[in-house]
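Notes follow once the structure below has been shown.
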Amino acid sequence: MAATTKTNMQLVVNGLLNENPIFRLALSMCPAVGISTTVANGLLLGVAVLFVQVFSSCTIALIKDHIHQRIRIPTYTLTIATWVTVIDLVLAAYLPVAYKAMGIFVRLIVAFAIITMRLEVFACRNTVTASFWDGIGMGFGFMFGMVTLGAVREVLGMGTLLGYDVLGFRPMLFFVLPAAGFFLVGFMMAMFNYVETLYNRRAKRGS
Amino acid sequence: MKEIIRITIALTLSCLLAGLVIGTTFIFTAKAKQHNEHLNVQQTMLGLLGFGPQRPAAPELQLHQVHRYIVKENETMRMGYMLPARCSGGGPGYVWVELDLKGEFLDRHDLVLTPEAALSADDRKKALAGILDPGAEADFADTMIIACLGDRRTAYLLPGEFPGFKTFIKAMVALDADFQLLGLEVIEHEEDPGLGGEITQEYFKNQFVGKSFEKIKRLTVIKEPLPADYERYLKSMGLGNSGLSESEAADIRQRYKDQDIHALTGATISSAAVTNGVKAMVKKFAYRIQVLDQALADGDVKVLF
C-alpha cells in the first residue's frame, strides 16, 4: 500500500465506517466482546484507545525512517506500551477522578490488535498529519462500535441505559455475557455488509 | 551476522529510549500520584467509618496506625508490633513490642518516631535499625488502623490484598469493636470491566455490611440471583433514597442478615475471591488483635488505643 491520497476528513470517515475496526476489520474482538457490556464501559475504553492510537500513530509516523524493517512489530509494541504507561502515570498523578474510572481500561490496551495493525498498514507509510487523522478516525470508529454494542447489550441484558433504569426489568441476561457479544458483533457486521452491497448496487446503476 | 548486530543495537536503543521516556514521566508524576493515593486511602477510611462531605468526622476521632513486622534472627522468628503510645516526654510516639509465635510477650522498646514519620516505610525502618539486635531482620507484614473516640475503640480498619481473577485486589475492610463488618471498599483491582469489575458496585460490596463475626467465619458464595427487594436495599444503602420505609429496611436487613454472598453474574471467581479474601482478613485480624491485647496486658504496655 502506497501513501494515502485521502483527505483528512475522508480518513476520519474511513475509520468510522468503511474500515470500522470492530465491524469491518474485525480486530480487537476480545475487548470489544468482553467490555462492551454497558455504554459507559464502551465509551471509556473507546476514549482510552483513541488517545493511545493517536499518540502511537504520530510517534511511528515520525520515526518511521529509522525503524529497522525486521523489528517493526517489536518497535510498535514498545511504542504502544510506552504511551500506555505514560498515560497511566499522568492520569494517576493529575486527573485522579478520570483515573478512577479509566485506569483499568488504559492498562488493557497494550495488547490491542487494532493499534498495532494501524501502525503497520498506515502510520509507517504516511506523514504525521495523515497518521494523526487516521488515528482519530480509528479511535472514534472503535468508540462508535463499542458504544453501539454497549447500548444494545445494556438495554437487552440489564434493562438500563447509561445506568438509568429504562425498562424496569432485565429482558435477557444472556446479553451481558461474552458469548452474546459475538452474536451481536456478527449481526452488526452483516448489517454493515448489507448496507455496503446496497450502496454499491446503487452506485453501479447510477453509472 | 552484521544484520543481527544491527537488529540487536536497534532493539536495545529502542528499549533504552522507551525506558527513558517512562522513567522521566515517572519522576515527574510520582509525587503527585503518591499524594493522590494517600488522599484516596484517607477518604476511603473515613468513608468506611460512615463519614463524608455531608457528615464530617468528629474532631476527637483518632486513627491509630499499628504496623506489624516479622522479626527473623538465627533461624527463629517472632512478631514485632509498632504501636502508637505516649512517649516519655508526654507527646505522641511509638513503642516496639515483640511477641513470640505463641503470642507470649517478649520485650519492649521505646522508638524515636513521630506519627508523621511513621507513615513512611523508610523512616520506620530507620527507627527500627536503632533498637534491633545486629543480625536480626524485621520484615514489614501489614498495617491495621484502630479508630478511637476518646478511650473507646469504635472500629478497626484493615487494608489488605488478596488474589483476584487476574492479579491482586487491594481492599479495605472496616470492623466494629465486636468484629462485625461495617463496610468493604475495593481500592485497586484489575478485574475485567463489566464482569469481575462489578465488585466495586454498591450492591455487591454492601452485601458484606452487617455480617457478624460468627457469620463471616462461615461465609460462602451462592450462585442465586439477587432478590429484587434485597437488591434495592443494597443499592440505596447509606444514600437514603430507596423509597423503603425505616421498618421495611429493618425487615430486609433482618431477613438477609445471615445470607451468604450472591455471586456477580458471569464473575463467580471474582466474587468468591473477594468473599474468601475478606473472610481470611477478618479471621486473621480477630485472632491477632486478641493475642496482641493479651500480650500488652501481660507486659503492662500502655498504648494509645
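Please enumerate the residues belonging to region A:28-42 that are among the aliphatic types (A, V, I, L, M) and surrounded by fewer than 20 Cβ atoms within 10 Å (Cβ to Cβ).
A:29, A:40
Which of (1) open to solvent by less than 60 Å² (accessible area, probe 1.4 Å); (2) within 14 Å of chain B (Cβ to nearest Cβ); (3) farther than 30 Å from residue B:266 by Cβ is the odd one out, the single condition residue A:65 does not satisfy?
Here residue A:65 meets the rest and fails (1).
With within 14 Å of chain B (Cβ to nearest Cβ), out of contact with any strand residue (DSSP E or B) (no Cβ under 7 Å at 6 or more places or on another chain) and acidic (Asp, Glu) as the only criterion, which of A:134, A:88 stands out?
It is A:88.
Determine whether region A:99-119 contains at least one residue that is over 20 Å from the mean Cα position of the chain (by Cα) and facing chain B (nearest Cβ under 9 Å).
Among the residues of region A:99-119, at least one is over 20 Å from the mean Cα position of the chain (by Cα) and facing chain B (nearest Cβ under 9 Å), which makes the answer yes.
Out of region B:1-23, which residues are more than 9 Å from chain A (Cβ to nearest Cβ) and closer than 13 Å to residue A:86 by Cβ?
Of everything in region B:1-23, those that are more than 9 Å from chain A (Cβ to nearest Cβ) and closer than 13 Å to residue A:86 by Cβ turn out to be B:20, B:23.
Residues to consider are B:219, B:296, B:244, B:226; find the one that is part of a loop (DSSP other than H, G, I, E, B) and farther than 23 Å from residue B:196 by Cα.
B:244
I need a count of the residues in region B:182-201 that are more than 13 Å from the chain's Cα centre (by Cα) and either assigned to a strand (DSSP E or B) or outside the structural domain of residue B:216 (by TED's automatic domain parsing) (or both).
1
Could you pull out the residue among A:57, A:28, A:36 that is at positive phi and either among the hydroxyl-bearing types (Ser, Thr, Tyr) or within 10 Å of chain B (Cβ to nearest Cβ) (or both)?
Among A:57, A:28, A:36, only A:28 is at positive phi and either among the hydroxyl-bearing types (Ser, Thr, Tyr) or within 10 Å of chain B (Cβ to nearest Cβ) (or both).
Is there a residue in region B:232-244 that is more than 14 Å from chain A (Cβ to nearest Cβ), open to solvent by 30 Å² or more (accessible area, probe 1.4 Å) and either touching a Leu at 6+ places or on another chain (Cβ under 7 Å) or at pLDDT 80 or above (or both)?
The answer is no, given that none of the residues of region B:232-244 is more than 14 Å from chain A (Cβ to nearest Cβ), open to solvent by 30 Å² or more (accessible area, probe 1.4 Å) and either touching a Leu at 6+ places or on another chain (Cβ under 7 Å) or at pLDDT 80 or above (or both).
Looking at B:166, B:170, which one is assigned to a loop (DSSP other than H, G, I, E, B) and within 14 Å of chain A (Cβ to nearest Cβ)?
Step by step, each of B:166, B:170 is checked, and only B:166 is assigned to a loop (DSSP other than H, G, I, E, B) and within 14 Å of chain A (Cβ to nearest Cβ).
The values are calculated or read from the model by the stated rules, or taken from the named source; none is laboratory data. Keep in mind the model is a prediction, meaning the values are calculated, not measured. In this analysis, Cβ positions are derived from the backbone assuming ideal geometry, glycine residues included, and neighbour counts consider all displayed protein chains. When the accessible area is computed, the model is the full protein with side chains, heavy atoms only, and any ligands, DNA or RNA have been set aside. Shrake-Rupley method; radii C 1.70, N 1.55, O 1.52, S 1.80 Å.
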